[in-house]
1. Tell me, please, whether a residue that is free of Cβ contacts under 8 Å to residues at least 40 places away in the same chain, assigned to a loop (DSSP other than H, G, I, E, B) and more than 11 Å from chain B (Cβ to nearest Cβ) can be found in the range A:57-70.
2. Check whether at least one residue in the range A:38-51 is assigned to a loop (DSSP other than H, G, I, E, B) and crowded, with 19+ Cβ neighbours inside 10 Å, and report yes or no.
3. Of all the strands (runs of 3 or more DSSP E) wholly in the range B:51-164, which have at least 2 residues that are within 23 Å of residue A:96 (Cα to Cα) and within 15 Å of the chain's Cα centre (by Cα)?
4. Within the range A:14-23, track down each residue that is within 7 Å of chain B (Cβ to nearest Cβ) and either touching a residue at least 40 places away in the same chain (Cβ under 8 Å) or out of contact with any helix residue (DSSP H, G or I) (no Cβ under 9 Å at 6 or more places or on another chain) (or both).
5. Anything in the range B:169-197 that is more than 10 Å from the chain's Cα centre (by Cα) and part of a helix (DSSP H, G or I)? List them, or say none.
6. If you check residue A:99 against the conditions, is it within 11 Å of another protein chain (Cβ to nearest Cβ), exposed (fewer than 15 other Cβ atoms within 10 Å of the Cβ) and assigned to a helix (DSSP H, G or I)?
7. Among the residues of the range B:117-144, write down those that are within 14 Å of chain A (Cβ to nearest Cβ) and in contact with a helix residue (DSSP H, G or I) (Cβ under 8 Å, 6 or more places away or on another chain).
């Protein structure tokens, strides 16, 4: 039963590969004006496609996959919000690690500028990113069947 | 696994390699440059340093702010900084205020007082007339609230770090403060620039 559950969420590995690939690619793409925004769109398209691919699985399996995918962000967010990161070695750099982990969505976040808040909007959005991306991943379940017709044709389901 | 699913999995690594080659080709002059940020960081990393230095060193400096003029560059540093002798840079605005950039505040305006908390500090004056300095300040102030990204390349205008905002503010006025033409600009690059003069320095000087 446990093995069956693990096998059903093995697509988490794909999510991590896409995430890590996107981190480095979007970073390098920022060298060329606007290219990082293009790769951001590619990233969110791929993540939605991964979600749609798993529509046939149970909702709990998808939720678990989203949770595991966002685990680094969830841990970092909790440590930063509670300021427990300062009790850990190198804790002052955890916010840097968080920003680097969410590099694929930074192009969109960079378009938001709020100079008059104690913390700028991008900082708060970064801390909410585990929730935002997990919810986004579960969007694949909410889409009507007609929307995923062409996707399913591509993956021959 | 069908071809579509393979594309999704491998496209980013392939794009990364292509971009790495393109950027490397554009900056091949840095490959053998021992003063580049990448070389400095890799040397520091081998010595066990990864960030902006050891803040637990409580030795402060007594640098005077009395000679500051708008447009001056303030530098602060702690021992063990991975990317050079200085850890941080700010652009003096006047009225004891400095424009700088941090990860949790983005581009922001603060008091100059905290530059005495660093182990080493330096004040640099850019050798240009006041009108250019004023335009640089105006450009920098327009970036308030924008995002801090630690490894942002010099040639974009959406991601900032503490030294890039200063470099870009002057670069927009035709003054390039980075003699090394590097991909990134560390605070120490301003110290090494021939277009600045040292007004004050405490806690030692880089080699």
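We did not get these values from a lab; they are worked out from the coordinates using the rules stated. Worth saying up front: this structure is predicted, and the values here are computed from it rather than measured. With ideal geometry, Cβ positions are generated from the backbone for all residues, glycine too; neighbour counts draw on all protein chains shown.
1. Within the range A:57-70, the first condition is being free of Cβ contacts under 8 Å to residues at least 40 places away in the same chain, and the residues that meet it are A:60.
Among the residues that remain, those that are also assigned to a loop (DSSP other than H, G, I, E, B) are: none.
No: the range A:57-70 contains no residue that is free of Cβ contacts under 8 Å to residues at least 40 places away in the same chain, assigned to a loop (DSSP other than H, G, I, E, B) and more than 11 Å from chain B (Cβ to nearest Cβ).
2. Applying the first criterion (assigned to a loop (DSSP other than H, G, I, E, B)) to the range A:38-51 yields none.
No, every residue in the range A:38-51 fails to be assigned to a loop (DSSP other than H, G, I, E, B) and crowded, with 19+ Cβ neighbours inside 10 Å.
3. Working: elements: B:73-77, B:88-94, B:97-102, B:106-111, B:120-126.
Because the criterion is at least 2 residues that are within 23 Å of residue A:96 (Cα to Cα) and within 15 Å of the chain's Cα centre (by Cα), the strands (runs of 3 or more DSSP E) in the range B:51-164 that meet it are B:73-77, B:88-94, B:97-102, B:106-111.
4. Within the range A:14-23, the first condition is being within 7 Å of chain B (Cβ to nearest Cβ), and the residues that meet it are A:14, A:17-18, A:21-22.
Result: A:22, single match.
5. Listed by number, the residues that qualify are B:169, B:170, B:171, B:191, B:192.
6. On the way: within 11 Å of another protein chain (Cβ to nearest Cβ): yes; exposed (fewer than 15 other Cβ atoms within 10 Å of the Cβ): no; assigned to a helix (DSSP H, G or I): yes.
Against the criterion (within 11 Å of another protein chain (Cβ to nearest Cβ), exposed (fewer than 15 other Cβ atoms within 10 Å of the Cβ) and assigned to a helix (DSSP H, G or I)), residue A:99 does not qualify.
7. Just the residues of the range B:117-144 that are within 14 Å of chain A (Cβ to nearest Cβ), to begin with: B:140-144.
Within the range B:117-144, B:140, B:143 meet the criteria.
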